[in-house]
Amino acid sequence: MVHVKKTRRDEICKLAQLLAPGGRFLPLSKELVEAAAAALKAAGLASADQYLNELKLMHIEAGFPLEPWLARTITLCKKSMARERGPVKRAPEMVLDNISDELWNWHGHVAVPGAVWAYAWGVCWMLREIELSKVCWSHVTWNQLRKTVRLFIAHSKMDQQGLGIARTLQCCGESPCWKGCAWFLLQNMLKMRDRRALSPEEHMFPNFKGKSLPSPRWWRPGGVSSKPA
């Protein structure tokens with residue numbers, strides 16, 4: 001993320017220097033902001049508004065005031081860049097109910113054994129890829145009587161202090177359980193894990209070598225604590 005932000009700032013700096021007389025673009029002028037916005041819009045960048053944000057931040061960080069006219073200019077330029085872009089393009093969603101039994105039970109050679117279960121676990125808890133890749137079996141506890149599952153998320157984008165956050169979900173109550181139910185997923189993954197009897201500190205979804213996932217981009221082909229919650 002830091003690398004992306006630095007690259008974005010470097011690129012908008014180059015553009016602003018080309019547009020500004022003598023290459024000096026700070027403090028920002030109305031003409032320069034509009035020219036930069038026009039160039040970004042012509043380039044068709046999906047994150048054009050973020051490039052414009054970098055310009056604004058550089059202006060403020062250099063000690064120049066964000067005058068109302070400048071704030072208004074930036075707002076109008078962002079609206080212009082977003083106009084007539086059509087609907088947001090999103091990757092097609094994989095619906096759990098549409099996944100075949102063959103894939104649920106697949107044990108062949110893949111980058112992540114039990115990848116479908118990993119995906120379902122991420123959907124159930126609304127985890128980002130980076131959060132899911134760092135979940136360990138020791139992060140999960142449950143209450144057999146209440147059929148509740150508690151997940152401690154050690155690394156979360158929403159946890160700014162880095163203390164970790166916990167969520168608790170209850171069984172869906174359906175018979176049989178929905179495939180996206182936390183209780184259903186846990187009970188089935190426990191059965192699969194019992195065949196190996198590995199350490200509670202093991203990552204819940206390691207790669208085929210049993211190692212933790214080095215990158216969130218692991219979707220490509222290629223033991224739980226027994227203490228009650």
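Values in this text are rule-based calculations from the coordinates and carry no lab data. Computed from a predicted structure; not experimentally measured. No Cβ is skipped: glycine too gets one built from the backbone with ideal geometry, and neighbour counts run over all protein chains shown.
With R₀ set to 30 Å, the beta-carbon distance separating Leu103 from Ser175 gives a calculated FRET efficiency near 0.80. Neighbour counts of other Cβ atoms within 10 Å put Lys134, Lys14, Lys30 in the fewest-to-most order Lys14, Lys30, Lys134. Modelled spin labels at Trp69 and Gln187, positioned 7 Å past Cα toward Cβ, are 6.9 nm from each other.
Order 167-174, 118-125, 51-58 from most to least packed using the mean count of other Cβ atoms within 10 Å.
On the way: 167-174: 14.1, 118-125: 20.1, 51-58: 18.5.
Top of the packing list down: 118-125, 51-58, 167-174.
A simple rule links phi to the HN-Hα coupling: the Karplus curve 6.51 cos²θ - 1.76 cosθ + 1.60 with θ = phi - 60°, which for segment 68-74 gives x, 5, 6, 4, 5, 4, 5 Hz, with x for Gly and Pro.
Provide the three semi-axes, in whole Å and in decreasing order, of the ellipsoid equivalent to segment 2-82 as defined by the square roots of 5 times the Cα gyration tensor eigenvalues. It would help to have the intermediate numbers written out before the result.
Values: eigenvalues 55, 46, 33 Å².
One finds semi-axes of 17, 15, 13 Å for segment 2-82.
Quick one: of Lys14/Lys134; Lys5/Lys179; Lys6/Lys79; Lys41/Lys134; Lys134/Lys179; Lys56/Lys134, which pairs are farther than 30 Å apart, Cα to Cα? Check vs 30 Å cut-off fails for Lys14/Lys134; Lys5/Lys179; Lys41/Lys134; Lys56/Lys134. Each label point was placed 7 Å from the Cα along the Cα-to-Cβ direction; for Ala46 and Arg146 their separation is 4.1 nm.
The calculated FRET efficiency for the pair Lys14 and Leu76, based on their C-beta separation and a Förster distance of 22 Å, comes to about 0.40.
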